[in-house]
Amino acid sequence: MNLRSWLLSVVFLQLSFTAVSQSKTLTAVKATSVPRIDGDLSDPVWQTAPVATDFIQNFPNYGIAAFTKTEVRVLYDDAAIYIAAYMYDDPSLIRKQLTSRDGEQRQDVDYFSVFFDTYNDQQNGFQFTVTTANVQSDAKIGASGDARFGNFGDKSWDAVWQSKTSIRNDGWVAEMRIPYISLRFAKKEVQSWGLQFNRSTRRNNESAFWNPVDPNVAGFINQFGKLTGLSDIQPPLRLSLSPYVSTGIRFNPEGSGRDHDWLARGGMDVKYGINESFTLDATLIPDFGQVISDNVVNNLTPFEQRFQENRPFFTEGTELFTKSGMFYSRRIGRMPGGYGYVQGVYGGSPDYEIIKNPSITKLYNAIKLSGRTEKKLGIGVFNAVTAPMEARVRNLNTKLDTIIRTEPLTNYNLFVLDQAFKGRSSVTFTNTNVIRDGSARDANASALDWALFNKKNSHSLSGTLRYTKIFGHTPYSSQYFMNRDTTTIGGQRYLNPYDGYTARLSYSKVSGKLQHYTTVSVESDTYDPNDMGYLQAANEVNYLAGISYNQFEAKGKFLTYGYNMNVHYGWLYRPYRYALLELAASGFWVFKNFWDVNIEVIGQPIRSNDYFELRTAGYHLKKPAFVYTEIDGSTDSRKRFFVSFEQAFYKGNISRENKYFKSALGFRYRFSDHFSLSTDFERQHDHLEVGYAFIKVNEKPIVGYRSNRDMSSIVSGVYNFTSQMNLTLRARHYWSKVIYKRFYTVDSDGEHIPYSDPMPDLNQNVNIFNLDAFFTWDFRPGSRVIAGWKNWLGSDYEETLPGTTYRHYLSNFKKSFDLPHGNEITLRIIYFLDYNQLRKKK
């Protein structure tokens, strides 16, 4: 197909359908007096506002009237928008569990939500939720929001607003005040916003919306109603400061070089509304100590483990920056690149002592600028600067110290342009740039992403074009790069500057019970976005297709069910060689008692070629054909006692040993409306895992057939004293045991050749333990006190035990408590200051 024909096809796709849905409209009324937010709707001003009612079920029976009546009124003035909701019900049936902020999902509590699409672009919005216990939840919503699975948006965003609830003799009441400082909207004399209300009633799992939300239609914001007549509202000066102070003490494990460290820090977060649409967020001398520990594992794969982002500055309001998927914020403040070198060379040396080797890169500051113009153009700028990091090692013979630079001064920059069009269509340009001090590696990456939907929102054409350029000195790794130009400096081999690209094109039917997609993607062997993004490996060509059928209305024994079939045909990009053929089929069912079950079968009917496992250019590993089956599900989450389970089985065709089992079981018990406790256990055992043995002979990689067993247990609990005060605890123990059975080399076709020469002991027995406990008190809107205690095993959060002595999980678990642990106790106080409130008081 030539370019002209392709463009005509896109235009035809956009214009070939017409809209068929009608949306509800509510007229805004300006308040003549300010209603008091007290959970009592007796203020006469509420009677001047029209009523939004006649809610329609989305689940469990789409299209019918809600079981109970709901009435909502909306007022506004020059400072805020006000919501009054009356949820009629039998008071004895109302669920009132206390939860942590943003924790209402799958809990035994009723709640009410209001949604605003302030730009009226059907792609960006805000959610404000309050439960019967007056616990607040809020989120920023993007075009990917989906009401079918309760996935509305990014809940890490926390706004400052007021709410109050009360139980009445015929239902419950929610009253909300949302100041304009917590919203963004264009400056117009008369505003028209997208508007939606949602009521969740837990006893029957009903989710009902004011404007109907059809589960067979893709998207959520595009199914909002309208709020019209907002006249002469002026965006306020949005300036707020959140200074903080923190203190504490860290007792380091044995072997860390220091017995303890005193922790004292102070800094500030700043939010400034440059104009009515754009906000500047800055964090100065941030402190990220009080975050939950990562779920570290014994990673035997050739790819780095990806961790969840838990630092508030990098999770709040980043929906524009993460839209293209090129921003992996854990790159910023990561472990210094030279940390492992120092530990490996000097950690076990009898002649040296490591005095200091920081495991986290210090962040000087970071800023975010984001917003959307009246023409629906989203603009985002992110910048962060990390400090140079240094290790100090001491020669025990000469008593002289040596300073080793482990991470240079680095600047991270991200720029985004996101143009929203009518309907759900959009085009996004993203650029990331990383500049390091001196001759260290620099990187630049650019991406163009588009998603085009027809007017009926039934089909889409989406794609990406991305280009990366690497400058400076990159240490050579034979893992991914074959026949690349290199330069040797000081005995170290470096790659010369290189560039790469990737492209993807996808055509999908996105609405209706029957949906399907077809995707083609290409990644060159030198495409490398990993300075600021995350990609396991490039050098791939993938052909994917799938079809699904979903029944979202109750039928027979089921509330909803669905089936999926997918095909993945993969090749190496350079040289163009076969990689894998994978077929997958799955089904899920939600029963009328609100239990659910999911079954998935994945198979590779012919042997695959793994070009990355051996971490050595020119070598690949032929892996066996297999069939993998998994079943998982859960009981009714409304009940006090809730159970989730997972069972999986894998069978390969190498030998009878080639089997894999996985079992997972989770329990949660709600002791009261204040206290709940959950435990999760998981066990995996691959009896004959085929993989790299982390050793080479004459520069040839050695393949190991190994038994790989790991187990983890997590205990977590929360006690909510009030809606603003809670205590959370989470403890995790992880054990991994790897026993090598026999060894092989590979020939030019990746076939396994027995290797009989003596080998060193490569077996592993790894234990990791973390405990995190936090007491949180939101003593006023936006202000918080957090007291934390963290306990961990080993100086690097892990410890290796002899494999022959501690062969079982319980013996490892018991021994873990005899090993040296670290402890950290901290106190942090954050105080929110709103310039507008300070000005009024003055």
(Q) Condition check: of a type in the set (A, V, I, L, M, F, W, C) and open to solvent by less than 40 Å² (accessible area, probe 1.4 Å). Does Phe59 satisfy that? (A) no
**Q.** Unmet requirement for Phe591, which otherwise passes all of (1) under 30 Å from Val703 (Cβ atoms); (2) more than 25 Å from the chain's Cα centre (by Cα)
**A.** (1)
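So which of Gly717, Gly782 is at pLDDT 90 or above, within 28 Å of the chain's Cα centre (by Cα) and under 30 Å from Ser242 (Cα atoms)? Before you say what the answer is, go through the steps one by one.
Numbers: Gly782 fails: at pLDDT 90 or above.
Every option except Gly717 fails the conditions.
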Q.
I want to confirm something. Restricting to region 583-607 and keeping residues that are of a type in the set (S, T, N, Q) and out of contact with any Leu (no Cβ under 8 Å at 6 or more places or on another chain), which single residue is most open to solvent (accessible area, probe 1.4 Å)?
A. Asn593
(Q) Cβ contacts < 7 Å: first residue under 14 Å from Tyr76 (Cα atoms), restricted to region 172-196; second residue among the basic types (Lys, Arg) and not in a strand (DSSP E or B), any location; separation 6+ or different chain. Result? (A) Ile181/Arg238
Q) Tally time: how many residues in region 429-460 are open to solvent by less than 20 Å² (accessible area, probe 1.4 Å) and in a strand (DSSP E or B)? A) 7
Q) Which of (1) closer than 24 Å to Ile221 by Cα; (2) surrounded by fewer than 22 Cβ atoms within 10 Å (Cβ to Cβ) does Ala79 not meet, given it meets every other one? A) (1)
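Every residue, every condition in (1) farther than 17 Å from Gly317 by Cβ; (2) polar (S, T, N, Q); (3) without any contact (Cβ under 8 Å) to a residue 24 or more places away in the chain, yes or no:
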{"site": "Leu237", "(1), (2), (3)": "yes, no, no"}
{"site": "Leu241", "(1), (2), (3)": "no, no, no"}
{"site": "Asn252", "(1), (2), (3)": "yes, yes, no"}
{"site": "Val270", "(1), (2), (3)": "no, no, no"}
{"site": "Glu276", "(1), (2), (3)": "no, no, no"}
{"site": "Leu280", "(1), (2), (3)": "no, no, no"}
{"site": "Asp287", "(1), (2), (3)": "yes, no, no"}
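Can you report the number of residues in region 701-748 which are hydrophobic (A, V, I, L, M, F, W, C) and touching a helix residue (DSSP H, G or I) at 6+ places or on another chain (Cβ under 9 Å)? I'd like the intermediate steps shown before the answer.
Narrowing region 701-748 to residues hydrophobic (A, V, I, L, M, F, W, C): 702-703, 711, 714-715, 718, 721, 725, 727, 729, 731, 735, 738-739, 743, 746.
Next cut, touching a helix residue (DSSP H, G or I) at 6+ places or on another chain (Cβ under 9 Å) only: 711, 735.
Number satisfying all stated conditions: 2.
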Q) Looking at region 665-703, which of the residues that are open to solvent by 20 Å² or more (accessible area, probe 1.4 Å) and of a type in the set (S, T, N, Q) is farthest from Gln724 (Cα to Cα)? A) Asn698
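Working carefully through the options Ala420, Ala440, find the one that is of a type outside the set (Lys, Arg) and under 23 Å from Arg372 (Cα atoms).
Details: Ala440 fails: under 23 Å from Arg372 (Cα atoms).
Just a single option satisfies the conditions, and that option is Ala420.
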Q: Evaluate region 84-107: report whether one residue or more is open to solvent by 10 Å² or more (accessible area, probe 1.4 Å) and under 21 Å from Val29 (Cβ atoms).
A: yes
Q: Could you tell me which residue of region 364-403 is farthest from Pro312 (Cα to Cα), considering only residues that are open to solvent by 30 Å² or more (accessible area, probe 1.4 Å), touching a residue at least 60 places away in the same chain (Cβ under 8 Å) and part of a strand (DSSP E or B)?
A: Ile379
Q) Checking Arg311 against (1) open to solvent by less than 10 Å² (accessible area, probe 1.4 Å); (2) within 20 Å of the chain's Cα centre (by Cα); (3) not small (Gly, Ala, Ser), which single condition isn't satisfied? A) (1)
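Quick grid of which residues meet (1) in contact with a Ser or Thr (Cβ under 6 Å, 6 or more places away or on another chain); (2) not in a strand (DSSP E or B):
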| residue | (1), (2) |
| --- | --- |
| Tyr507 | yes, no |
| Gly512 | no, yes |
| Met532 | yes, yes |
| Thr560 | no, no |
Q. Applying the selection to region 404-428, what residues are farther than 24 Å from Gly333 by Cα, among the β-branched types (Val, Ile, Thr) and either open to solvent by 10 Å² or more (accessible area, probe 1.4 Å) or without any contact (Cβ under 8 Å) to a residue 60 or more places away in the chain (or both)?
A. Val427
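The values are calculated or read from the model by the stated rules, or taken from the named source; none is laboratory data. This is a predicted model, so every value here is computed, not measured. A quick note on method: Cβ atoms are made from the backbone with ideal geometry, for glycine too, and the neighbour counts reach across all protein chains shown. For the accessible areas, the whole protein counts, side chains as well, though only heavy atoms, and no ligand, DNA or RNA atoms are used. Shrake-Rupley method; radii C 1.70, N 1.55, O 1.52, S 1.80 Å.
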